Amino acid sequence: MPVPSGSYVIPADIVSAMGEGNTIAGFKILRRVFGGEPYDEGADPYDQAGTPYNEPLPGAGRASGGKASTAPIVAAGGEYVLSPEQCMDAGDGDMEMGHRVMDEFVKRFRAKTVKTLSKLPGPRRD
């Protein structure tokens, strides 16, 4: 799928972990974090506008000359794509910093999830 150049893809394991194992719940959380959506408005994943998980279609970015500046990617189910503007917001106006911030977020959230999962009891034996 084409995404605007400068987008950031949050891996599916992070999205799922944010929703405590539920990808749709993870999408709701990320939409609230990066979209500013209130908790009780439009959070229903089945009230869609025709796109998976009610996400806007990618490829809306424009470069000089009026042509879309996009990069083709293969996105796995459950991955969340941040727009270049959202990356810039994360980096306080700096795209590269936004990407570094998001890389660090993914690393830390994954480490936290691994730590949490390692503390859970194993399967019960009969």
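Taking the conditions exactly as written (modelled with pLDDT under 90, in contact with a Phe, Trp or Tyr (Cβ under 8 Å, 6 or more places away or on another chain) and in a loop (DSSP other than H, G, I, E, B)), does PRO45 satisfy them or not?
Yes; evaluated as a whole, the condition is true for this residue.
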Long-range neighbours under 9 Å by Cβ, at least six apart or interchain, first residue among the β-branched types (Val, Ile, Thr) within the stretch 84-103, second assigned to a helix (DSSP H, G or I) and open to solvent by less than 40 Å² (accessible area, probe 1.4 Å): VAL101/CYS87; VAL101/ALA90
Would you check if LEU57 is closer than 23 Å to PRO2 by Cβ and at pLDDT below 90? yes
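Condition (residue is part of a loop (DSSP other than H, G, I, E, B) and among the polar types (S, T, N, Q)) applied to the stretch 82-99: is it met by at least one residue? Spell out how you get there, then give the answer.
So in the stretch 82-99, the residues part of a loop (DSSP other than H, G, I, E, B) come out as 83, 91-94.
Narrowing the set further to residues that are among the polar types (S, T, N, Q) leaves 83.
Among the residues of the stretch 82-99, at least one is part of a loop (DSSP other than H, G, I, E, B) and among the polar types (S, T, N, Q), which makes the answer yes.
Can you give me the number of residues within the stretch 70-100 that are hydrophobic (A, V, I, L, M, F, W, C) and open to solvent by 60 Å² or more (accessible area, probe 1.4 Å)?
Going residue by residue through the stretch 70-100, those that are hydrophobic (A, V, I, L, M, F, W, C) are 71, 73-76, 81-82, 87-88, 90, 95, 97.
Checking which are open to solvent by 60 Å² or more (accessible area, probe 1.4 Å) leaves us with 74, 88, 97.
Adding up the residues that qualify gives 3.
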Which condition breaks for SER118 when tested against (1) polar (S, T, N, Q); (2) within 19 Å of GLY35 (Cβ to Cβ); (3) surrounded by fewer than 16 Cβ atoms within 10 Å (Cβ to Cβ)? (2)
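The values are calculated or read from the model by the stated rules, or taken from the named source; none is laboratory data. Being a predicted model, the structure only gives us computed values, none of them experimental. A quick note on method: Cβ atoms are made from the backbone with ideal geometry, for glycine too, and the neighbour counts reach across all protein chains shown. Heads up: the accessible areas ignore ligands, DNA and RNA and are worked out on the full protein's heavy atoms, side chains in. Shrake-Rupley method; radii C 1.70, N 1.55, O 1.52, S 1.80 Å.
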